[in-house]
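To start, the structure under review is shown below, and the notes come after it.
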2 protein chains.
Amino acid sequence: MYKITLSEKETPKKWYNIAADLPVELPPSTQTEEGHQIDNLPKLFSKYVLQQEMSTERWIDIPKEVRKVYKQIGRPSALFRATGLEKYLDTPAKIYYKREDQSPVGSHKLNTAIAQAYYAKKAGAERLTTETGAGQWGSALSLACSLLGLDCTVYMVNVSFKQKPYRKTVMHLYDGEVLPSPSNRTEFGRKILAEDPNHPGSLGIAISEAMEDAFNDDSAFYTLGSVLNHVLLHQTVIGLEAQKQFAKIDEKPDILVGCVGGGSNFGGAAFPFMKDKLSGDLDCQFLAAEPASCPTLTQGEYKYDYGDTAGLTPLMKMYTLGHEFVPPSVHAGGLRYHGMAPLVALLVNQGLVEGRTVNQTELFQAGKLFANTEGVIPAPETCHAIKVAIDEANKCKKTGEEKNIMITFSGHGLLDLQGYDDFIEGHLTQ
Amino acid sequence: MYKITLSEKETPKKWYNIAADLPVELPPSTQTEEGHQIDNLPKLFSKYVLQQEMSTERWIDIPKEVRKVYKQIGRPSALFRATGLEKYLDTPAKIYYKREDQSPVGSHKLNTAIAQAYYAKKAGAERLTTETGAGQWGSALSLACSLLGLDCTVYMVNVSFKQKPYRKTVMHLYDGEVLPSPSNRTEFGRKILAEDPNHPGSLGIAISEAMEDAFNDDSAFYTLGSVLNHVLLHQTVIGLEAQKQFAKIDEKPDILVGCVGGGSNFGGAAFPFMKDKLSGDLDCQFLAAEPASCPTLTQGEYKYDYGDTAGLTPLMKMYTLGHEFVPPSVHAGGLRYHGMAPLVALLVNQGLVEGRTVNQTELFQAGKLFANTEGVIPAPETCHAIKVAIDEANKCKKTGEEKNIMITFSGHGLLDLQGYDDFIEGHLTQ
């Protein structure tokens, strides 16, 4: 069997909240003495997602309307067996990949975008604001807003706005309004532009603009595409589906591997399986793959830090390279983040998840091999996970172990072909 | 229900050959008195596909190895209901779309690429040659060769080679060799380059080069991505799956609409349903959507003509704008063809299929609406079919008829975003 599918009826009815089962309590978000970050949250987020952010309920209902849109965009997603890759590697391991790339926006981001748009609308919002770097998250939120009847304003890092015109086209197709950040729309943006009209922008600046915009408009909320507890909660639909899919073939993963930037794809896929590990029902190794150039888990410190550059978010306990760390401009833009979702960070700190680093050349090599043997062209982010899976499959070849390796396949690389081209042409430096 | 799926076991075991059921005999391909086009075919194609080209057997076995690769790349493909679009149009019609865009190469082309690579290998070939315009077909053949262990040489029209670098990257990822055509690799190419070193190339020239290359190498065969009978035969896997999917929901299409360039996506989807129409078991309207700027079916003549510009192919009876007709450079590059598959042409001539034209602005409008309401961004080619489906759904709104409209959704538009951008920015001329 190559493809393990679920019927629409098997779409999960509840998200899984790992906060209920953590081995130690999650250190709460906090603010500095002079800060108002937490006080400001109700102006930025609907009460529904703030409830979810704090919740320790194990199971949280997926609203019927959200499930309906999940189905409309093609959920449940398929779990594929990578037989071509296995054959090439000549490994006794079985490699599975859970395909979020088949979402219309090409990544897992839509899972939480739909939920956040739904709750915002329920709370009376007419518009959502957000920031985007490479454009994956901005595309997902734009589509979610289009499907649910909301306006959407995306602050896109100026340099990406210029370098990635097609991501902008995708957002325009979904009727998202896309502004290069810094922009004239906000006070913060105007201030920066006054100093440097050609400022390249940064994710930190874009976050600040999107937050300011929502803060000053009673009919708008702000949204975030990763890191926060409620975002990871929404993404557990991935792991919950995968559990059902493994059950269908009477198998379990021995290794689960995903890439980590903010941690939402990894967390969403891993947490339902982690529940079984914590209860002793599953013996599984959890591997989080990150760029060697942005080694949050492997070289960062576990401490309180801001989620953004400007210090507008509450302080969160996480692995961090420092909120002023500027990651090099790697092709896997989605993994260029100084911090890590507090939930994923805690599991790493408890020794339940292990970080692994992958460099640029290795990841594109892995991506090309995957394309060659399976056909699907993975996003550079996803390639990190594939590289680690290949390493593990090669170990199995040596030991003869028939392990099941599950890759959470976060997205396709069709809008990231420049990176592959640089790799093929030998232009990558590391 | 939003998505009607089939299990792998339900992958068709035989292709359907409509030559067995045509209301009149298919006029055979022929050659001019001085020509050797037909005599040359055995040097260009494996005996297996030549047998299929001439066959009047109704059902032709899909080899087990081909079915295996079909499953590996995700077949059967899903049939989706476009509820978001229906709601927007406020139509009583039900709109379904059969998703070839979810193939790893993003289009239906892989269905025949896999089969052609399999038969070539079976006949002892080590390499395949072909031409490509926009790059869809070249990508599909490159992947098929990679999966089946063959080398692949793609002659890509020079102007596309320069303008569409990412299609080239995709072919490189699949280990295809991509040459800008005219090239120095062939005598014909060298001759043209001697006259004009910066010649922009054309599909006709690229066909000539790919044919010459295969002709002079005993270990290579030439392949074509559309038009020929055996290509359309392989594509019937689309319609055969769709039939099973409609049967699952106890429905039948009242209207089947597809875009036509060479005719392989349309023919592949339509022929199994046409069989039922010819036997009186189905009352269905078949609509073939073509660009207003390349109106083969609606303004071409039904006569014998060459399939290529240079006159290297046999003469085929088809609708044609003349083999020297140069279609304007429209964004739907896959539909820029002066002729039409003889099988589709015959059905049009018999009044069983109706041609419809769509202009560029209309098609991108339809594509944007589809993206807005369903999420999926259609290829410009596919947008032709969507536009016609929308027209029919609007008619149903007036009459109140609850028709089932099936779109054969040939591919996604993620590598064609420039066209959408031109549309959004108001740069399209028609």
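All of the numbers you see were taken from the coordinates with simple rules; none came from a lab. The structure presented is a predicted model; accordingly, all values stated were derived computationally and were not measured. Counting neighbours? That spans all protein chains shown, and the Cβs are built from the backbone with ideal geometry, glycine included.
Brief remarks on what is shown
- Cα→Cβ-extended label distance, 7 Å offset, between B:GLU187 and B:LYS68, nm: 4.1
- In the elastic network of chain B, a GNM with C-alpha springs shorter than 10 Å, the most mobile of B:HIS230, B:HIS36, B:HIS108 is B:HIS36.
- Each of A:CYS294, A:CYS284, A:CYS152 was scored by other Cβ atoms within 10 Å of its Cβ. Listed from fewest to most, they are A:CYS284, A:CYS294, A:CYS152.
- Eigen-decomposition of the gyration tensor built on the alpha-carbon atoms of segment A:235-374 gives equivalent ellipsoid semi-axes of 26, 20, 12 angstrom, largest listed first.
- Partnerless cysteines, meaning none of the other Cys C-beta atoms lie under 4.7 Å away, in chain A: A:CYS259, A:CYS284, A:CYS294, A:CYS383, A:CYS396
- Cα-based radius of gyration of segment A:182-249 once divided by 2.2 N^0.38 Å, which approximates compact folds: 1.71
- Segment A:119-259 - Rg over Rh from alpha carbon coordinates, Kirkwood radius: 1.08
- Cβ-based net charge around B:ILE424, under 10 Å, with every Lys or Arg adding one and every Asp or Glu removing one: -1
- Hits among lysines - C-alpha to C-alpha of B:LYS121 under 16 Å, sequence gap 8 or more where chains match: B:LYS43, B:LYS47, B:LYS64, B:LYS68
- Qualifying GluC sites (Glu not before Pro) in segment B:1-38, where qualification requires a DSSP coil assignment and no more than 11 other C-beta atoms within 10 Å, comprise B:GLU25, B:GLU33, B:GLU34.
- Chain A - percent relative contact order, Cα under 8 Å, separation 6 or more: 19
- Simple spin-label estimate for A:LYS43 and B:HIS427 gives 4.1 nm between the two label positions (7 Å along the Cα-to-Cβ direction from each Cα).
- With neighbours defined as other Cβ atoms within 10 Å of a residue's Cβ, the residues B:MET406, A:MET316 order from fewest to most as A:MET316, B:MET406.
- Debye log10 I(q)/I(0) for segment A:310-430, one point scatterer per Cα, at q = 0.09, 0.14 Å⁻¹: -0.31, -0.72
- Size descriptor for segment A:69-150, Kirkwood hydrodynamic radius: 14.4 Å (Cα pairs only, one decimal).
- The GluC sites (Glu not before Pro) found in segment B:357-430 that occupy coil by DSSP, while having at most 15 further C-beta atoms within 10 Å, are B:GLU401, B:GLU402, B:GLU425.
- When segment A:359-402 is reduced to its Cα atoms, the Kirkwood hydrodynamic radius in Å: 10.6
- Kirkwood Rh and Cα Rg combined as Rg over Rh, evaluated for the protein assembly as shown: 0.97
- Just so you know, the Rg over Rh for segment B:11-63 is 1.05, from Cα atoms, with Rh as the Kirkwood radius.
- Whole-number D in µm² s⁻¹ for segment B:224-316, Kirkwood Cα-pair radius fed into Stokes-Einstein, 10 °C, 1.306 mPa s: 109
- Note on segment B:272-379: with charges restricted to the Cβ of Lys and Arg (+1) and Asp and Glu (-1), its dipole about the Cα centre is near 80 debye.
- Inter-chain shielding of B:143-156 (mean C-beta neighbours from other protein chains, 10 Å cut-off): 1
- Contact order relative to length of segment A:205-305, as percent, for alpha carbon pairs under 8 angstrom and 6 or more apart: 24
- Taking the centroid of alpha carbons for each part, segment A:86-157 and segment A:183-211 are 24 Å apart.
- For segment A:89-180, a simple Cβ point-charge model (Lys and Arg +1, Asp and Glu -1, everything else neutral) yields a dipole of about 120 debye relative to the Cα centre.
- Cα gyration tensor shape of segment B:269-352, rounded if a/c is under 1.5, else prolate or oblate by comparing a/b with b/c: prolate
- Among B:ASP283, B:ASP175, a tally of other beta-carbon atoms within 10 Å of each Cβ gives an order, fewest to most, of B:ASP283, B:ASP175.
- Springs join every pair of Cα atoms under 10 Å in this Gaussian network model of chain A, and among A:HIS234, A:HIS412, A:HIS323 the largest mean-square fluctuation is at A:HIS323.
- Taking every lysine pair in segment A:194-324 that is 8 or more places apart or spans two chains, those with Cα atoms closer than 27 Å amount to 12.
- Percentage, to the nearest whole number, of Cα pairs in segment B:140-192 over 19 Å apart: 30
- Rounded to whole Å, sorted largest first: equivalent-ellipsoid semi-axes of segment A:1-98, Cα gyration tensor: 38, 21, 13
- Computed per residue of chain A from DSSP H runs no shorter than four, each worth -39500 (n - 2.57), the mean residue ellipticity at 222 nm is -12500 deg cm²/dmol.
- Straight-distance candidates among the aspartates and glutamates for linking to A:LYS94, with alpha-carbon spacing under 12 Å and chain neighbours fewer than 8 residues away dropped: A:GLU86, A:GLU251, A:ASP254, A:GLU392, A:GLU401, A:GLU402.
- Chain A - Rg and Dmax from Cα coordinates, angstrom: 20.2, 63
- Dipole-positive endmost among B:ALA269, B:THR296, B:PHE215 within segment B:189-327 (Cβ charges, Cα centre): B:ALA269
- Once C-alpha pairs closer than 8 Å and six or more residues apart are averaged by separation and normalised to the residue number of segment B:329-430, the relative contact order reads 29 percent.
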